[in-house]
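Read the structure below first, then the notes.
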Amino acid sequence: MDKRIQNTKLKINSPEFQNFNKVKKKRIRRQLKHLEITKKKFEKIRDRKKNNNALETYKNENEDKSEDEIEIEIENENENESKNENENKNENENENENENENNKENENLKENGKEINKFETLIKNNDDNSNMKYYAQRYRLFSKYDQGIILDEESWFSVTPELIAQHIAERCSCNTLIDAFCGAGGNTIQFSFTCNVVISVDLDPMKLLMARHNSWVYGHSNENTNIEFVNSDAMRLSNLKADVIFLSPPWGGPNYTGSSIFHLDSMTPNGFEIFKNAIKVTPNIVYFLPKNTSKVDIAKLALISKENGGSDYCEIEENYINEKLKTITLYFGSLINNNKYNESYQ
Ligand code: MGP
Ligand code: SAH
């Protein structure tokens with residue numbers, strides 16, 4: 001037999017590898033079950049919404065398996081599995097290993113339990129908040145919307161449409177990228193396909209839960225992901241280093257078009273301060289902004305960039321969907337593409 005195959009077989013059959021695999025499988029199974037339940041609840045609520053009696057009937061009809069039941073089910077499965085596997089193993093060693101494993105698993109369960117409770121509230125609120133204008137565009141926001149995407153009120157109007165997010169992610173392909181205002185994960189998910197590591201930051205912990213959950217819909221799992229979710233203020237990242245930083249802050253709600261010109265200092269946090277903080281991390285900045293952003297403000301950003309050792313100009317990209325201007329994206333530093341100005345999506 002080829003020595004490499006023999007070595008691989010030895011490795012796979014080793015107790016360490018078997019044990020590692022067992023723990024991994026259990027976690028993945030648990031995660032899939034949670035995802036399945038969230039999806040089921042999500043679908044139920046959506047169906048009820050169609051019948052116009054969403055919240056009244058939610059409690060009566062909410063007969064899905066409780067978290068306790070799932071845990072018991074998983075524990076039973078695990079028990080059966082370990083019974084079979086234990087036959088071939090040293091008993092004393094296994095007892096200690098299982099004890100440690102169970103402790104870890106219990107900690108994870110507690111954490112997951114808390115999150116699922118929060119999610120239930122989120123799903124209920126989702127039903128209340130889903131604004132018809134944005135709901136009608138749901139597949140534009142996430143092509144896998146029906147597979148369990150969760151959005152809260154702010155995310156419905158803030159999430160970057162998938163085609164635009166995909167395009168930006170292709171342009172930002174790098175080793176480490178910081179998505180400083182990750183929200184429900186519209187950009188983060190696409191960055192995860194083009195960058196080696198994505199650090200996704202949001203001030204609101206619920207946004208991080210949503211973003212993480214939504215990333216699962218797109219194939220990530222706790223065990224297998226290149227996204228690091230960080231609950232922090234984007235204004236306090238100056239001691240981090242990254243190849244690219246992406247900024248998609250809140251623009252103050254959907255009424256940003258209320259006046260003909262949008263000024264960066266009308267945002268909270270202030271749009272200039274956001275940029276000044278970002279440039280401490282890297283001069284390669286991508287700034288996602290309203291289509292009516294003041295050109296004078298954009299010139300000021302270029303000046304700030306120059307004063308801080310970055311590029312002395314920027315590229316303004318207009319993002320269209322179905323020939324309608326949706327947003328603009330500014331590129332600074334090495335991300336500037338001198339040959340291409342406008343992108344259009346159909
Ligand atoms: P929009 O103008 O509210 O919607 O947002 P729409 O339907 O394109 O406009 P209308 O002219 O047809 O009425 C357009 C896009 O801007 C959204 O899909 C989001 O990607 C983005 N966006 C909107 N808001 C209010 C925000 C925000 O506050 N922050 C960020 N980061 N993006 C936003
Ligand atoms: N690009 C995201 C949407 C971002 S919306 C997507 O496609 O899904 C803007 C986000 O900024 C919101 O989720 C909000 O919670 C977050 N935010 C607001 N102030 C912040 C701050 N100081 N630091 C980090 N995140 C902040």
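With protein chains left intact and a 1.4 Å probe, residues in the stretch 133-335 average 41 Å² of accessible area per residue. Taking each of 241/326; 241/276; 133/326; 276/324; 207/326; 207/291 in turn, the alpha-carbon distance tops 19 angstrom for 241/326; 276/324; 207/326; 207/291.
P(r) tail for the stretch 133-335: Cα pairs beyond 25 Å make up 31% of the total. A simple rule links phi to the HN-Hα coupling: the Karplus curve 6.51 cos²θ - 1.76 cosθ + 1.60 with θ = phi - 60°, which for the stretch 188-205 gives 3, 4, 6, 4, 5, 8, 10, 10, 6, 10, 10, 9, 10, 10, 8, 6, 9, x Hz, with x for Gly and Pro.
Backbone amide hydrogens, once placed in the peptide plane, bring residue 200 within less than 5 Å of 179, 228, 229, 230, excluding anything fewer than 5 places away on its chain. For the stretch 235-346, the share of accessible area belonging to carbon and sulfur comes to 49 percent (1.4 Å probe, ligands and nucleic acids excluded). Just the protein heavy atoms count here, and of the accessible area of the stretch 126-227 at 1.4 Å, carbon and sulfur take up 47 percent. Taking every protein chain into account, the 1.4 Å probe leaves residue 133 with about 120 Å² of accessible area, to the nearest ten. Shown in residue order for the stretch 276-284 are the 3J(HN,Hα) couplings computed by the Karplus curve 6.51 cos²θ - 1.76 cosθ + 1.60 at θ = phi - 60°: 4, 6, 5, 5, 6, 7, 6, x, 8 Hz (x for Gly and Pro).
The values are calculated or read from the model by the stated rules, or taken from the named source; none is laboratory data. Source: prediction; values computed, not measured. We work out accessible area using only protein heavy atoms, side chains counted, and drop any ligands, DNA or RNA first. Shrake-Rupley method; radii C 1.70, N 1.55, O 1.52, S 1.80 Å.
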